[in-house]
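Undergrad: Starting off with a structure, shown below.
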Amino acid sequence: MDNPVIVGAVAAIVGLAIGYFVDRLIKGGAYKTRDEIIRQAERDAENVKKDLELKLKEDMLKRRESLESKMEEVRGSQRERDRELDKRESQLEEQQESIRKKEKMLQSTQQKLAERVKAMEAKDAELNRLLKEEQEVLYKTSELTREQATEQLLKRLDRELTDQTGAMILKHEAEVKIDSERRAREIIGMAVQRYASAHTSESTVSTVDIPSDEVKGRIIGREGRNIRAFEKATGVDVIVDDTPGVVIVSAFDSVRREIGKLSLTKLIQDGRIHPSRIEEIVAET
């Protein structure tokens, strides 16, 4: 009877021992699996991080290359405009120099004309004196009365004056023709000057189309906050006037002017126009 009891007790102890060791083995295996999962997850996370960093670098490189390409195009366009402007300025200087020469010639001509008028007045006085002398000679040396002598003298003078008048008319016509040509050249010079001035203005401004004039108020902002923030961020001047459908961006630096134009266009399309958003858009552009 004791043997079955002992056998049962031993079996129970062995069963408990086996259960204990099995439980230890199972628990040990679970911990091992969890550690492996964590390490694998860490490796996967590191790989994902590296992939994201690589993609981010590639994206930044592409954006930088694109921006540099756009900036180079803008610089190229500006260089071309600068060359054209230099050419226009050179032509303008030549025209101005020509006008200065013409002004000197005009002053000289006016002085000569004044001298001629003075000489003609002197000749006129001398002619009157000679007429009186000749009248007296005719009256004394002929049988004509004073009235007849005067009439004869006037007829002779009339013939002489007719010949002189014809010559003076021809000379006057030639002078009028020369003066007309001079005036025409001056008018052309002034027109060239105005064109050069307009070209200078066009090379420093860009226009931005707006959907409606209501957008102008949003661009300015309350007490001018938006427009001041935009000008500070871009380094350009924004001109909001009565011109319908457009806003003007002005700057001598063509790169800044192009960045300002693109930024303002994005802001208008985005619809959110306030200082913080302005800084974000300008930084992205």
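The values are calculated or read from the model by the stated rules, or taken from the named source; none is laboratory data. The structure presented is a predicted model; accordingly, all values stated were derived computationally and were not measured. Note that each Cβ is placed from the backbone with ideal geometry, even for glycine, and that neighbours are counted across all protein chains shown.
Undergrad: Got at least one residue in the stretch 61-77 being of a type in the set (Gly, Ala, Ser), in contact (Cβ under 8 Å) with a residue 60 or more places away in the chain and surrounded by 10 or more Cβ atoms within 10 Å (Cβ to Cβ)? Explain how you work it out, then say what you get.
TA: Filtering the stretch 61-77 down to residues of a type in the set (Gly, Ala, Ser) leaves 66, 69, 76-77.
This time we only want the ones that are in contact (Cβ under 8 Å) with a residue 60 or more places away in the chain, so: 77.
So of that shortlist, the ones also surrounded by 10 or more Cβ atoms within 10 Å (Cβ to Cβ) come out as 77.
There is at least one residue in the stretch 61-77 that is of a type in the set (Gly, Ala, Ser), in contact (Cβ under 8 Å) with a residue 60 or more places away in the chain and surrounded by 10 or more Cβ atoms within 10 Å (Cβ to Cβ).
Undergrad: Still on this model: Is it the case that Ile220 is among the β-branched types (Val, Ile, Thr), more than 28 Å from Arg83 (Cβ to Cβ) and in contact (Cβ under 8 Å) with a residue 12 or more places away in the chain?
TA: Yes.
Undergrad: While we're here: Anything in the stretch 258-269 that is in contact (Cβ under 8 Å) with a residue 40 or more places away in the chain and within 13 Å of Lys70 (Cβ to Cβ)? List them, or say none.
TA: Glu258, Lys261 - these are the residues of the stretch 258-269 that are in contact (Cβ under 8 Å) with a residue 40 or more places away in the chain and within 13 Å of Lys70 (Cβ to Cβ).
Undergrad: On to the next question. So which residues in the stretch 250-285 are of a type in the set (Val, Ile, Thr) and more than 12 Å from Ile210 (Cβ to Cβ), if there are any at all?
TA: Within the stretch 250-285, Val255, Ile259, Ile278, Ile281, Val282, Thr285 qualify.
Undergrad: Is it fair to say Asp209 is at pLDDT 85 or above and of a type outside the set (Ser, Thr, Tyr)?
TA: On the way: at pLDDT 85 or above: yes; of a type outside the set (Ser, Thr, Tyr): yes.
So Asp209 passes the test.
Undergrad: Let me ask something else about it. Within the stretch 116-132, identify whether any single residue is in contact with a helix residue (DSSP H, G or I) (Cβ under 8 Å, 6 or more places away or on another chain) and either modelled with pLDDT of 85 or more or assigned to a helix (DSSP H, G or I) (or both), and answer yes or no. Before you say what the answer is, go through the steps one by one.
TA: Step one: of the stretch 116-132, the residues in contact with a helix residue (DSSP H, G or I) (Cβ under 8 Å, 6 or more places away or on another chain) are 131.
From what's left, either modelled with pLDDT of 85 or more or assigned to a helix (DSSP H, G or I) (or both): 131.
For the stretch 116-132, residues in contact with a helix residue (DSSP H, G or I) (Cβ under 8 Å, 6 or more places away or on another chain) and either modelled with pLDDT of 85 or more or assigned to a helix (DSSP H, G or I) (or both): present.
Undergrad: Turning to a different aspect of this structure: So how many residues does the stretch 231-285 have that are part of a loop (DSSP other than H, G, I, E, B), among the small types (Gly, Ala, Ser) and crowded, with 19+ Cβ neighbours inside 10 Å?
TA: 1
Undergrad: Give the residues of the stretch 209-230 that are surrounded by 12 or more Cβ atoms within 10 Å (Cβ to Cβ) and more than 15 Å from Asp241 (Cα to Cα), sorted by residue number.
TA: Arg225, Asn226, Arg228, Ala229, Phe230
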